[in-house]
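Trainee: For reference, the structure I am asking about is given below.
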Amino acid sequence: MPAHRSLRSVSLSIAITASLSCGLLSVGTGLANAAPVPPGAGASAEHQASGGQGPVTPVPGMKSSFSATAAGPTITRSEVIDRAQSWVGIGLDYSWTGSHNGYRTDCSGYVSMAWRLGTSLTTDTFAGAGVIESISKGELKAGDALLNDNSGANGHVVLFEKWANSSHTSYIGYEFTPSGVHHREIPYPYFSGYGTFLPVRNKSVIDDVVVPADPGMTSLTAGEFTGDTKSDLIAVE
């Protein structure tokens, strides 16, 4: 009696979504720390025409800092990092037309939020707004940024937190890309294939004040110093 064999076909479907925003083409692989894919083929006509960043957008209720002299309110480096961290992991969608807490939800809107600017600026307007100044690699501190100041989809900005290694070949940074808000290790100055990134500093960012610990009473000396025949204790605070 002939044996009958049934064949079961298995289909594997892999869905890949790509979008070009802020100079980054994001491939939805589920790997949050994967390096971005260089922009180019595969971007939709809508993304190419609209660019990767929305227009300069004032933040409701805040004084605009989009002027030749206004760099925004003073903010400490720890405040910048805390503000950047507040958008990590809360499920925000990348959009150059959307907003969260008044700030545009794209790369430059995210950094504008972290710096507490009165306007969501764009990569090509930070300098013109009087917000930033150029610094050297060795001057980078928490709250500074790596900026590609091209416009639209050709520009991008990453917030610097700290060096990832002693050789300063990579750093821990915050950035908003089409795949989400990331806090991750990034090769200095940025992944290859995305243009030129230079270190910059928000002129209004200041170092945190370090308050020294109170050592208490020191240099204790005992003796009779007042002439009342009673022992005295002298200490220096």
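Each reported figure results from applying straightforward, stated rules to the coordinates on display, with no laboratory input. Remember, it's a predicted structure, so these values are computed and weren't measured experimentally. Cβ atoms come from the backbone with ideal geometry, glycine included; neighbour counts cover every protein chain shown.
Trainee: Mind ordering 175-187, 85-97, 157-169, 113-125 by average Cβ neighbours within 10 Å, highest first? Each step should come with its number before you reach the end.
Mentor: Working: 175-187: 19.8, 85-97: 14.5, 157-169: 16.5, 113-125: 24.5.
My ranking of the peptides, most packed first, is 113-125, 175-187, 157-169, 85-97.
Trainee: Further question on the same structure: Taking the Cα centre of the stretch 88-150 as origin, work out the dipole magnitude from +1 charges on Lys and Arg Cβ and -1 charges on Asp and Glu Cβ, in debye rounded to 20.
Mentor: Values: 4 positive and 7 negative charges, 34 e Å.
I would put it at about 160 debye.
Trainee: If you project the alpha carbons of the stretch 165-217 onto their three principal axes, what span does each projection cover, largest first, in Å?
Mentor: On the principal axes, the stretch 165-217 reaches 59, 27, 22 Å in Cα extent.
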